[in-house]
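Engineer: This is the structure I want to talk about, given as structure tokens.
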Amino acid sequence: MVQFQGQEYDLTQADVDTRMQGLAPEGIRKYFVEVNGNAYPVKQVARTCTGVHRQNTRESQKLLRDLGFTVHQTS
């Protein structure tokens with residue numbers, strides 16, 4: 001169970017892997033995570049896995065870190 005924008009979500013890292021499978025990564029501006037060998041923007045992953053379209057980068061990063069992902073920053 002993880003929290004995102006005051007709501008609890010029953011998500012695991014494996015759930016994220018499954019939900020992102022086959023999706024093309026959007027353009028990365030600054031922060032990303034690797035899922036199934038692909039680099040995805042943190043907001044794309046958070047949106048896909050929670051259905052929440054309005055979010056900020058910090059919230060998305062926290063969600064993904066809580067799930068065990070490492071958040072990377074472009075150089």
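The values are calculated or read from the model by the stated rules, or taken from the named source; none is laboratory data. Every value quoted in this text rests on a predicted model; they were computed, and no experiment measured them. As a convention, Cβ positions derive from the backbone with ideal geometry for all residues, glycine included, and neighbour counts pool all protein chains shown.
Engineer: Looking at this structure, is Val2 touching a residue at least 60 places away in the same chain (Cβ under 8 Å) and either under 22 Å from Ser75 (Cβ atoms) or of a type in the set (A, V, I, L, M, F, W, C) (or both)?
Structural biologist: Against the criterion (touching a residue at least 60 places away in the same chain (Cβ under 8 Å) and either under 22 Å from Ser75 (Cβ atoms) or of a type in the set (A, V, I, L, M, F, W, C) (or both)), Val2 qualifies.
Engineer: From the list Phe69, Phe32, which residue is among the aromatic types (Phe, Trp, Tyr) and part of a loop (DSSP other than H, G, I, E, B)?
Structural biologist: Step by step, each of Phe69, Phe32 is checked, and only Phe69 is among the aromatic types (Phe, Trp, Tyr) and part of a loop (DSSP other than H, G, I, E, B).
Engineer: OK, next. I'd like the residue in the range 18-59 that is charged (D, E, K, R) and within 8 Å of the chain's Cα centre (by Cα) and, out of all such residues, is surrounded by the fewest Cβ atoms within 10 Å (Cβ to Cβ).
Structural biologist: The residue in question is Arg47.
Conditions tested, residue by residue: (1) among the hydrophobic types (A, V, I, L, M, F, W, C); (2) modelled with pLDDT under 95.
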site: Phe4; (1), (2): yes, yes
site: Arg29; (1), (2): no, yes
site: Pro41; (1), (2): no, no
site: Lys62; (1), (2): no, no
site: Arg65; (1), (2): no, no
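Engineer: Moving on to the next point. Got at least one residue in the range 22-35 being of a type in the set (Ser, Thr, Tyr) and in contact (Cβ under 8 Å) with a residue 12 or more places away in the chain?
Structural biologist: Within the range 22-35 (the criterion being of a type in the set (Ser, Thr, Tyr) and in contact (Cβ under 8 Å) with a residue 12 or more places away in the chain), the answer is yes, since at least one residue qualifies.
Engineer: Residues in the range 1-17 that are part of a loop (DSSP other than H, G, I, E, B) and surrounded by 12 or more Cβ atoms within 10 Å (Cβ to Cβ): how many?
Structural biologist: 3
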